[in-house]
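The values are calculated or read from the model by the stated rules, or taken from the named source; none is laboratory data. In this text, all values refer to a predicted model and were calculated from it rather than measured experimentally. Backbone-built Cβ (ideal geometry, glycine too); neighbour counts: all protein chains shown. For accessibility, only protein heavy atoms count, side chains too; no ligands or nucleic acids. Shrake-Rupley method; radii C 1.70, N 1.55, O 1.52, S 1.80 Å.
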Amino acid sequence: MSSKIPCSHCHLEFEPSVMIKEGERYFCCNGCQGVFHLLQEEGLGSFYEKSKSTPLAPPLQTLQDISAFDSQSFYDRYVKVNSDGFCEVSLVIKGIHCSACVWLNEKALHKMEGVIEANINFTNNKATIVWADNVVKLSKIIETVRSIGYDAFAYDAFAQESHANQERKEYYLKMAVAIFASMNIMWIAVAQYAGYFSGITQDVKTILNIAEGILATPVLFYSGWVFFRGAYYGLKTKVVNMDLLVATGATLAYLYSIYVAISQKGEAYFDSVTMIITFVLIGKFLEVLSKKKAADTLDKITSAIPSEVKIVKKEKIIAIKLDDVQVGDVVVVSSGERVLLDGDIIKGSGSFDESSLTGESDPIHKSVGMSVISGSVSIDADVHFRVVKDFKHSTLANIVKLLESAINKKPKIQQMANRLSEHFSLVILTLSLLTFLGWWLSSHSFETSLMVAISVIIIACPCALALATPVATLVGLGLGASRGILFKEAAGLETMAKTNTLVLDKTGTITAGKPEVVREHIFEEFDKELLYSFVASSKHPIAKGVARFIKEENQKLHECSFDIFTQIPSFGMMAEVGEMKLLGGNKKLLEINGIIVDFSSDATLFIFAINQKVVAIYELEDRVKEGIFELVSTMKKMQIDVVMLTGDNESAARKVASNVGIERVLYEQTPQSKAEFINKLHNEAKSVVMVGDGVNDILALASADIGIAMGGGSDIAVEVGDVVLLNNSLKSLEEAFKISTTTFDLIKQNLFISLVYNALTIPLAMAGYVIPLIAAISMSASSLLVVGNSMRIQNQWKKR
């Protein structure tokens, strides 16, 4: 008598000593234990009643050691801690091939205690997971993913390429088997069709049917296994997906054809079985290639990052890991190499290509004292530069983070399409059943009724609907990134496309942000070194302009320190040194402090007062940026209202606005009043894009529907903005509007294509006008049409 006992999940028998005991239950492995509890939690406990006599395959145990995901080395390389103190990781989920797979994984992860967020992008199978590490470990999260039939590994551009190549090889082999069998079945079908006209005996016909059945079997169960697998895991969590439609349609045709071959009555449809699987498989493969092409622009940035850099240490050049480089280290870059860290050149000079960051193709010459940006490429420069930021905080790393975050934030229109596709397959199965019953009652032909019902199942594809938004969105994000436009969230494309009001800051946005002194008025002699130190302490463009003017007059000036120095946003600054109280800024600042200034000018004024007495006034003018006229003209054509906000005086503000064609101007604005104006526009049901670059724009940027930070602006403005323009160009701002509008139009076109396709083809299939073979071709064509339409945006911009 055997002492072995069965596993409570897979029913395979083992010795009790090797089993995991849990109350009265026994499990052969952690995988079976995990699946058992998952089925119980999902309310699918009745599964075991139906499978009591059937041994099941336990979950795969050949995957990499799960404990590696909790190691410190893995955390150091792949896991980051966000501003809320939660852990965040990017994973690639292997085995995802439809939107239902995405839904299933997200649902399973969201049910886990400690998982804060789980977003999976369908186009590249990349998941961003946020979790509380003190509640649940990453290894447990990976275990959950594996327990429902998928696998997960850390996202790495090089590893991802390897996995993508492996996936393509698998598709090649499956397609080779399917195409070989289909071609041979077609030759047999030709013989059968010829026999209808020249005569054929039932014995010969049966032999041909059996030959077709032998060829169709590996196509259905090997090449088509991907559909059965997807359908199985979908049903485990009560999800009716596209895989179930394909597997059901092909299996029904296969079983009926076997019946025909055995009973020698009716017509077999083995050719339809192979064609359904072959065409849908080819469509899926082309879809995989198209999605990879759409994601290539984004992966191009990360895949080009070497793991080591050369630094100078003890007068020797050595190679160390990129992550080990610290602020202050001296990095060596030779011609043709990519700059991986931000720094200041201390030796050498040459030209750099920053096109991958800014979209500008012209090389930029840099020499000692100038900054180099991570992500740029040395064309002919051999330089040494001192690192000012480690890799984690570098420009290149921040760009990668922004792109990764953007891809995983789904637009509202995509969320709507996903909800629609969730119920789509169930509706189609219901329609197919009703079609079968209707045809059977009217024609009394089981064969005809079944073939029509199969056509309905096959022709309706939720993939086109599921792909309508993510592929177009990914193409739009990639195009923006290649032109120096970073959307922090994919939803920003949709919001920006619906904008009807554009609010622009003046200094640094409409103008170059480098005002120059055009006139100097001295009312009383004073120490110029005092004023130089005063204005040099500020980062405001106007103060910088005055500092440059004074420095040019006397190169020997030096900065002195102040007892008190205070920056007053939108007004100016004040300081105290010894017995002197200094004030510098616009008229409003001086009026607040009881100083009346009787001086008029249409230029920007910087008024300098010592101990409540005005000693100097500087008039400054700033040239408008290249592209502002085209931007304002384009906005008017797109019926977008343009408003200028500035803290400058009325005369200077109206002069600039008049020059560039902006009619609505608000001047002498504080950071608070700028934000209040944005909120006022919201109350008027306006959708607002705010563009700024300074600290005084932060509140307005945060208040707007979309805040756009110019790349040359303050770090905090870039942090708050929803879109970052890396090249500080108004042409990029115009392109951002065009890209978002074009992308949103493509999304609407894709949804229209998928909905019209189903609205037209499903009734035709229900009416009996479409055979299963044509249904399979049509279903694949609809997905490829949506993907191809999304790729048009790249071709349009290439032509431009």
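Structure data summary
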item	result
Segment residue 767-residue 591, extension gain: residue separation times 0.36 nm, minus the distance between their alpha carbons	55.1 nm
For segment 544-702, share of DSSP beta bridges that run antiparallel, in % to the nearest 5	90 percent
At 0.692 mPa s and 37 °C, Stokes D of segment 732-779 from Kirkwood alpha-carbon radius, µm² per second	254 µm²/s
Sum of side-chain charges, residue 730 neighbourhood, beta-carbon under 10 Å (Lys, Arg +1; Asp, Glu -1)	-2
Accessible surface, 1.4 Å probe, highest first, among residues 8, 376	8, 376
Amide H contacts of residue 94 (H built 1.01 Å from N, under 5 Å, at least 5 apart or other chain)	151, 152, 153
Pairwise label distance in nanometres, residue 316 with residue 24, each label 7 Å out on the Cα-Cβ vector	7.2 nm
Phi to ³J(HN,Hα) by Karplus 6.51 cos²θ - 1.76 cosθ + 1.60 over segment 82-89, Hz, x for Gly, Pro	7, 5, 8, x, 8, 7, 9, 9
Simple label model, 7 Å out from Cα along Cβ direction - residue 335 to residue 686, nm	5.3 nm
Whether segment 531-609 is rounded, prolate or oblate, judged on the alpha carbon gyration tensor where a/c under 1.5 counts as rounded	oblate
Residue 308 accessible area, assembled protein chains, probe 1.4 Å, Å²	100 Å²
Label point at residue 599 placed 7 Å out along Cα→Cβ; residues across segment 550-583 whose backbone nitrogen lies under 13 Å	583
Quarter of the Cα convex hull surface for segment 584-662, i.e. its orientation-mean projected area (nm²)	5.8 nm²
Förster radius 45 Å - calculated FRET efficiency between residue 326 and residue 151 (Cβ-Cβ, nearest 0.05)	0.80
Karplus (6.51, -1.76, 1.60) ³J(HN,Hα), θ = phi - 60°, over segment 174-188, in Hz, Gly and Pro reported as x	5, 5, 4, 4, 5, 5, 4, 5, 5, 5, 5, 5, 5, 5, 5
Placed amide H near residue 484: partners under 5 Å, 5+ positions off or other chain	359
Descending semi-axes in Å of segment 475-617, equivalent ellipsoid built from Cα gyration tensor	38, 17, 15
Length released on extending from residue 576 to residue 654, taking residue separation times 0.36 nm less the Cα-Cα span	24.7 nm
Virtual spin-label span in nm between residue 633 and residue 745, 7 Å along Cα→Cβ	1.9 nm
Interchain or long-range residues, amide H under 5 Å from residue 615's placed H	608, 609, 610
Computed lengthening from residue 202 to residue 172, 0.36 nm per intervening residue step minus Cα-Cα distance	7.1 nm
Sorted largest first, extent of segment 554-708 alpha carbons per principal axis (Å)	56, 31, 28
Heavy-atom accessible area ranking, 1.4 Å probe, most first, across 606, 752	752, 606
Per-residue HN-Hα couplings for segment 639-646 [Karplus 6.51, -1.76, 1.60; θ = phi - 60°; Hz; x = Gly/Pro]	6, 10, 6, 10, 10, 10, 10, 7
Rounded accessible area of residue 760 (nearest 10 Å², 1.4 Å probe)	110 Å²
Heavy atoms of residue 568 accessible to a 1.4 Å probe, total area in Å² rounded to 10	40 Å²
Ranked order, 563, 353 - accessible area, probe 1.4 Å, largest first	563, 353
